[in-house]
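Single-structure report; data block below.
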Amino acid sequence: QLLHDVEARCLQKVYRQTNQSAELRTPVPRRDLLTSNAKHYVTLHAVQTGRGCPHGCLYCSITTFHQRQHRQRPLADVLAELREIPRNFMFVDDNIISDRRYARELFAAMTPLRKCWVSQCSIEIADDQELLRLARQAGCRGLFIGIESTNADNLAAMGKAFNNSAQYRERLARIRRAGIGIIAGIIVGMDKDNVAVFERTLEFL
């Protein structure tokens, strides 16, 4: 609509999306355009299966931007892209398990591809042994997980009580036992923190 209005020379001051599709249709990136600068990137092989997250964490831009909705690409499109990239890559989804049914189908379908990958997701993957098994079987070797705080009051204040800090050790151990490494996202400086937060966090890690 914007480009049409540019051509017609009748730009509006504000454009609002009103008919967003539940399905995410994105083109496969032209990675060949970046090969001369590849050394400046962690990897050129970043793949996205979906955007958004159902959680409402108050600090998170994803919550605001996607309005707690999650849209995913057609599974066939993702698998076709995966077949064309090297063995090691990363999923850059906001939360790779936002739609668990889709995640199970994805992991099962990509297992024969024998890829190795990392991604990010909520700690809730620890509560689903089948999903954990499928992720590892599909080649998952590491996950960035938003731990944020070991203080339950902080987690409640940021809308992330589902993390349940009392169960951190048990849940993280389950992920590690599945053969998946963890990169912990941590936030300090919340209202319930004091200067001791640094030592407590270090000891927890």
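Against the numbered list (1) in a loop (DSSP other than H, G, I, E, B); (2) open to solvent by 40 Å² or more (accessible area, probe 1.4 Å); (3) modelled with pLDDT of 90 or more, residue 57 comes up short only at (2).
Every residue, every condition in (1) free of Cβ contacts under 8 Å to residues at least 40 places away in the same chain; (2) assigned to a loop (DSSP other than H, G, I, E, B); (3) open to solvent by less than 30 Å² (accessible area, probe 1.4 Å), yes or no:
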| position | (1), (2), (3) |
| --- | --- |
| 108 | yes, no, no |
| 112 | yes, no, no |
| 125 | no, no, yes |
| 131 | yes, no, yes |
| 136 | no, no, no |
| 162 | no, no, no |
| 169 | yes, no, no |
| 182 | no, no, no |
| 185 | no, no, yes |
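A residue that is assigned to a loop (DSSP other than H, G, I, E, B), out of contact with any Phe, Trp or Tyr (no Cβ under 6 Å at 6 or more places or on another chain) and either under 30 Å from residue 191 (Cα atoms) or open to solvent by 70 Å² or more (accessible area, probe 1.4 Å) (or both) can be found somewhere in the range 97-106. Annotation: of all residues in the range 1-52 being open to solvent by 90 Å² or more (accessible area, probe 1.4 Å) and in contact (Cβ under 8 Å) with a residue 40 or more places away in the chain, the one that is farthest from residue 76 (Cα to Cα) is 42.
The values are calculated or read from the model by the stated rules, or taken from the named source; none is laboratory data. Computed from a predicted model, the values in this text were never measured in an experiment. FYI the Cβ positions are ideal-geometry reconstructions off the backbone, even for glycines, and counts take in every protein chain you see. For accessibility, only protein heavy atoms count, side chains too; no ligands or nucleic acids. Shrake-Rupley method; radii C 1.70, N 1.55, O 1.52, S 1.80 Å.
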